[in-house]
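Structure record follows, encoded as structure tokens.
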Amino acid sequence: MFLYVTAGKGHQVPAEALRNAMLKLGHEAVSYDMFEMLNLPKIKKLVEKSWQNMLHFPPGERVGDRLVDTKMNSKLMAAITKNYPVMKKAFLAAMEKEKPDFILGTHYFISPIIVSLVQECGISVPVFGYAPDIFFYPNIGISKKLDKLYVPSELGIDWCVRMGFSTDQLAICPFPLKQSIEDYPSLSKEEARKKLELSVDSYTILVNLGGEGIGNTRLVTLLAREKVPCQVVVVGKMSPDTEKRYLNFRSKHPFFHLFTPGFVNNMNDYICACDVQIGKAGANSLMESLYLHRPFIITEQLYASERTELFFKQHHVGEVENLLEKQVKLLERYRTDMELQADVAEAFTCLPLSFGSKKFISQILSDTEKWDAAHR
């Protein structure tokens, strides 16, 4: 059983990627939104709305999430869980229906809540967690009774030890790629651009709006004003406000090479076609870009992605820059500096990261067998 919370695609996508990989390997698997499973629709709606509001104002998100990210709140969630009969009843019904051999959560809320429910209900099943932010895991998700926390980077493992996890609880894991990325061959820039009917010779910037489709046109407007020779591809289903902004941009800059395909199922083609990807620091977008050897410029850093900047400084495969004018200068440098391009290409050959949902599933099943041997 894979559980997620719909507070950004960074939690739902890994859960579904792991479920699909497990099914492909011949096992049974299910994935649930945790709040739907626990019959808490109002809390689900509140969490989603809160996340969307935060995306509209990233500086507020960085302050707000930092304030609520405390070990005390983790203990509070676990305590509330024990005294909330509706939640307990729904959880028992789900366990009886699915009879999982393990539960893995891809959101930090899941650790204190599900661990507490498993213990309160007397269910013998391991509860695993996954750190979707790659290099970071928040205080609010820490549970010393979590059976295993999977982290896709050594940098993240070091952080989790500092936050209070025991080394026995931690394991480094591959990043769970979507099948559309993992099972698809990488194309050259020329092949991908021809396939997507883009200009083969133009410097190509991929703007990723993320799962919520919230964005603005400030970057493309400045690129147009500065007459930077490039083509810009904007991917992601746009929110109504974002769509209006891009329609207005087109009317003002009709000759700028802008492509807005919206939500796409062949993201791998668009990543392969670009020279650099830019946007919010969503874990899926970031890791897919690194998997396909394209540098990423984070434009609006969120609280959970702050340690990504440290990774970039260590490994030189991306940048973090919130200021618009500096973003354009960075893009110009990536476009014109041949030495930088060579350094980035070299850096991708030795990144300390691994990828693959199927490999991750094998690791989870092995750990489940070890847990069974120890507890049954």
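The values are calculated or read from the model by the stated rules, or taken from the named source; none is laboratory data. Quantities reported herein were computed from a predicted structural model and do not represent experimental measurements. Cβ: placed from backbone, ideal geometry, glycine included. Neighbour counts: every protein chain shown.
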Restricting the search to the range 115-128, which residues are under 26 Å from the mean Cα position of the chain (by Cα) and either β-branched (Val, Ile, Thr) or at pLDDT 95 or above (or both)? 115, 126, 127, 128
Which one is surrounded by the most Cβ atoms within 10 Å (Cβ to Cβ) among residues in the range 159-182 that are modelled with pLDDT of 95 or more and farther than 22 Å from residue 72 by Cα? 176
So how many residues does the range 253-288 have that are aromatic (Phe, Trp, Tyr) and either in a helix (DSSP H, G or I) or on the phi > 0 side of the Ramachandran plot (or both)? 1
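Yes/no per residue for (1) free of Cβ contacts under 8 Å to residues at least 12 places away in the same chain; (2) out of contact with any Phe, Trp or Tyr (no Cβ under 9 Å at 6 or more places or on another chain):
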{"residue": "160", "(1), (2)": "no, no"}
{"residue": "184", "(1), (2)": "no, yes"}
{"residue": "190", "(1), (2)": "yes, yes"}
{"residue": "210", "(1), (2)": "no, yes"}
{"residue": "221", "(1), (2)": "no, no"}
{"residue": "229", "(1), (2)": "no, no"}
Hey, could you check the range 61-114 for residues that are charged (D, E, K, R) and in a loop (DSSP other than H, G, I, E, B) and say which is modelled with the lowest pLDDT? 69
Within the group 131, 94, which residue is buried (at least 18 other Cβ atoms within 10 Å of the Cβ), of a type in the set (Gly, Ala, Ser) and within 21 Å of the chain's Cα centre (by Cα)? 131
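Might you let me know whether the range 348-357 holds any residue that is in a helix (DSSP H, G or I), free of Cβ contacts under 8 Å to residues at least 24 places away in the same chain and loosely packed, with under 12 Cβ neighbours inside 10 Å?
Initial filter on the range 348-357 (in a helix (DSSP H, G or I)): 348, 357.
Checking the rest, the ones that are also free of Cβ contacts under 8 Å to residues at least 24 places away in the same chain come to none.
No; the residues of the range 348-357 include none that is in a helix (DSSP H, G or I), free of Cβ contacts under 8 Å to residues at least 24 places away in the same chain and loosely packed, with under 12 Cβ neighbours inside 10 Å.
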Residues of the range 230-252 classified as at pLDDT 95 or above and assigned to a loop (DSSP other than H, G, I, E, B), total: 1
Test: residue 303 is within 15 Å of the chain's Cα centre (by Cα) and modelled with pLDDT of 95 or more: no
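Look through the range 170-223, keep the residues that are of a type in the set (Val, Ile, Thr) and closer than 30 Å to residue 365 by Cα, and return whichever of them is farthest from the chain's Cα centre (by Cα). Before the answer, list the steps.
Step one: list which residues in the range 170-223 are of a type in the set (Val, Ile, Thr), which gives 172, 181, 200, 204-205, 207, 214, 217, 220-221.
Retained after the next criterion (residues that are closer than 30 Å to residue 365 by Cα): 172, 181.
Working: 172: 17, 181: 14 Å.
Applying the filter and picking the extreme gives 172.
Take the residues of the range 270-300 that are of a type in the set (Asp, Glu) and surrounded by fewer than 22 Cβ atoms within 10 Å (Cβ to Cβ): which is modelled with the highest pLDDT? If you could, list the steps in order and put the result at the bottom.
Quick first cut of the range 270-300, residues of a type in the set (Asp, Glu) only: 275, 288, 300.
This time we only want the ones that are surrounded by fewer than 22 Cβ atoms within 10 Å (Cβ to Cβ), so: 275, 300.
Values: 275: 97, 300: 77.
It comes out as 275.
For the range 21-31, check the following and say yes or no: at least one residue is farther than 25 Å from residue 84 by Cβ, surrounded by 14 or more Cβ atoms within 10 Å (Cβ to Cβ), modelled with pLDDT of 90 or more and out of contact with any strand residue (DSSP E or B) (no Cβ under 9 Å at 6 or more places or on another chain). Please lay out each step first, then the result.
So the first thing to find is which residues in the range 21-31 are farther than 25 Å from residue 84 by Cβ, and the list is 21-29.
Among the residues that remain, those that are also surrounded by 14 or more Cβ atoms within 10 Å (Cβ to Cβ) are: 21-22, 24, 29.
From what is left, the residues that are modelled with pLDDT of 90 or more are 21-22, 24, 29.
Narrowing the set further to residues that are out of contact with any strand residue (DSSP E or B) (no Cβ under 9 Å at 6 or more places or on another chain) leaves 21, 24.
Yes, that holds for at least one residue.
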